[in-house]
Amino acid sequence: MAAVAPVAPVGRPSAAHPTGIRRSWQIFQAMRREQVDPNGTYAFLADDTARMLHRYLPLAGATAIDVGGGPGYTAEALRAAGAAAFTVDPFVEELSLHGRTPVDAVVGDGLRLPVADGALDLACTLNALEHVATPWSFLEELVRVVRSGGIVFVGVTNWLSPWGGHETSPWHYLGGERAARRYHAKRGVEPKNRYGTSLFPVGIGEILHWADGCGDVRVVDAFPRYYPRWCRPLVAVPGIREVATWNLGLVLERR
């Protein structure tokens, strides 16, 4: 993959927000509170995502979808930034998680989005790619619905990161099935994210290889999504990036 130059902001966040190591620390703390305060955790992450997307396109007046967005935190943050944003999720129960009422949400398959070709300015998906058995078809569908010059943003937890097994981490390093069995033995229930059924290994190298080979997009940016900006070179180092990157952020522009 060719080196990607940092992108200058095209929009300005409306209020102060943590940056650098402070931002990464607050993300880590929010993740730790996820079980007891899911609303606070996901609202914070959604706001962080909207602010980050200001770097790549003006959100005011943009039309956007968040695919696999569950109860709609990200779309809500995008609407607060001035976008017309909608959530698409394949599971109706996911839209009402955490006691939320779905707003501007559609039950739909991410592999067959109910959206016309080139209809959107922005399509994003956060921590959903690793739950799709055919990730390249999923990415191609996101590209399809974005106009020329529009943006596709992908956030993905790569399999070999310490969080790659989701709630079964870090035991996924010993194998996904073994990690799932250990989780069941310890907690008495099956993990929500079951290896081979609802959780699939995906690596940074193969994602970047797909992006470089997709003639419909240009790679605008690729970076460790939760880390300070000075950690960006990690993504360029094969092997190390798979373990050291907690979550990949990939920005694509439709040609």
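All of the numbers you see were taken from the coordinates with simple rules; none came from a lab. Since we're looking at a predicted model, the values are computed, not measured. Here the Cβ is made from the backbone with ideal geometry for all residues, glycine too, and neighbour counts use every protein chain on show.
Taking label positions 7 Å along the Cα-Cβ direction at both residue 31 and residue 80, the computed distance is 2.1 nm, reported to one decimal. Spin-label model, residue 198/residue 96: points 7 Å from Cα along the beta carbon direction are separated by 1.7 nm. Computed on the Cα trace of the chain, the radius of gyration divided by the Kirkwood hydrodynamic radius gives Rg/Rh = 0.94.
Test of understanding: what is the full-extension gain from residue 212 to residue 134, defined as 0.36 nm times their sequence separation minus their Cα-Cα distance?
Working: separation 78, 0.36 × 78 = 28.08 nm, distance 1.79 nm.
Residue separation times 0.36 nm, minus the Cα-Cα distance, leaves 26.3 nm.
Summing charges over neighbours of residue 131, with a neighbour being any other residue whose Cβ is under 14 Å away from its Cβ, gives -3 when K and R count +1 and D and E count -1.
Give the relative contact order (percent, whole number) for region 193-255; include only Cα pairs under 8 Å separated by 6+ residues. The partial results should precede the final answer.
Values: 72 pairs, mean separation 23.3, N = 63.
That works out to 37 percent.
The separation of region 179-234 from region 121-139, counted between C-alpha centres, amounts to 10 Å. Relative to the current alpha-carbon distance between residue 182 and residue 60, full extension at 0.36 nm per residue lengthens the span by 39.2 nm.
Placing a pseudo-label 7 Å from each Cα along the Cα-to-Cβ vector at residue 190 and residue 255 gives an inter-label distance of 4.2 nm.
Label point of residue 167 set 7 angstrom out along Cα-Cβ; within region 23-51, amide nitrogens under 13 Å from it belong to 34-36.
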